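What follows is a short report on a single structure.
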Amino acid sequence: MLVGIGLGLQNIFKDFISGITLLTEGTIKVDDIVEVDGMVVKVNEISLRTSIVTTREDNVVIIPNHEFIEESIVNWTANKLPSRFTIEVAVDYSSDEHIVEKVLIECALNHKDVLNDKEFSPSVRLSNFGNSSLDFQLIFYSFNLFRIESVKSKLRFHILEAFRKNNITIPFPQHVIHYADKK
């Protein structure tokens, strides 16, 4: 029984020391957006033993402080610069690549959360010649780190609408099957 109590106290002590470290170092602060344990979360509160965070789905999660100390954490807000994001888009080989590039840039520029200045303007990259498509990447910068999935979704809606207006088609996978008649 004493061994069980000792192990339990060891974890509590580890979280307590980690909490003191977090509060004094300041590497993670309240309102930071961090990626921990595969989740992107916003830090609401840091106490001595646990931290309370909110996920992008607005779920409240209580995380033991030792996870912030022992694991590799991505702090999205630590660098004070906007973050770079990518949207993958595939178009039919019959599409004019210059029109695709123009449409993608226009869609990005028309979104309020996409930055447009010398250093952080959106760009388009022809990333691959796929089996059934030309594969592009729309690269853009934003400060809206926590709700970036909503930004990407809105951009995809605008891209789809703009593609339809410009007769740009998104292909479906095509496979050619050769049939050999054995007579």
Show the residue pairs that are 6+ apart or on different chains and have beta-carbon atoms under 6 Å apart, the first residue being within segment 128-155 and under 22 Å from Val53 (Cα atoms) and among the aromatic types (Phe, Trp, Tyr), the second being in a strand (DSSP E or B) and open to solvent by 50 Å² or more (accessible area, probe 1.4 Å). Phe146/Lys42
Six or more apart or on different chains, Cβ under 8 Å: which pairs go from a residue in segment 53-78 that's over 14 Å from Asp37 (Cα atoms) to one that's open to solvent by 90 Å² or more (accessible area, probe 1.4 Å) and in a loop (DSSP other than H, G, I, E, B)? Could you list them? Thr77/Asp31
Selection within segment 54-70 - under 20 Å from Ser150 (Cα atoms) and in a strand (DSSP E or B): Thr54, Thr55, Val60
When residues of segment 59-70 are limited to those that are open to solvent by 80 Å² or more (accessible area, probe 1.4 Å) and modelled with pLDDT of 90 or more, the one farthest from the chain's Cα centre (by Cα): Ile62
Can you find a residue that is under 19 Å from the mean Cα position of the chain (by Cα), among the hydroxyl-bearing types (Ser, Thr, Tyr) and surrounded by fewer than 16 Cβ atoms within 10 Å (Cβ to Cβ) anywhere in segment 167-176? no
Can you name every residue in segment 24-45 that is assigned to a loop (DSSP other than H, G, I, E, B) and either in contact (Cβ under 8 Å) with a residue 12 or more places away in the chain or open to solvent by 80 Å² or more (accessible area, probe 1.4 Å) (or both)? Thr27, Ile28, Lys29, Val30, Asp31, Asp32, Asp37
Qualifying residue in segment 4-12 (condition: part of a loop (DSSP other than H, G, I, E, B) and without any contact (Cβ under 8 Å) to a residue 60 or more places away in the chain): no
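Okay, residues lined up against (1) of a type in the set (D, E, K, R); (2) not in a loop (DSSP other than H, G, I, E, B):
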residue: Ile52; (1), (2): no, yes
residue: Ser72; (1), (2): no, no
residue: Val89; (1), (2): no, yes
residue: Leu104; (1), (2): no, yes
residue: Ala108; (1), (2): no, yes
residue: Val114; (1), (2): no, no
residue: Glu119; (1), (2): yes, no
residue: Asn131; (1), (2): no, no
So is Leu48 at pLDDT below 90, more than 30 Å from Gln137 (Cα to Cα) and part of a helix (DSSP H, G or I) or not? no
Report yes if Ile99 is without any contact (Cβ under 8 Å) to a residue 40 or more places away in the chain, open to solvent by 20 Å² or more (accessible area, probe 1.4 Å) and among the β-branched types (Val, Ile, Thr), otherwise no. no
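The values are calculated or read from the model by the stated rules, or taken from the named source; none is laboratory data. Every value quoted in this text rests on a predicted model; they were computed, and no experiment measured them. Using ideal geometry, Cβ is built from the backbone for each residue, glycine included, and neighbour counts are taken over all protein chains shown. Accessible surface is based on the protein model in full, side chains and every heavy atom, while ligands, DNA and RNA are left aside. Shrake-Rupley method; radii C 1.70, N 1.55, O 1.52, S 1.80 Å.
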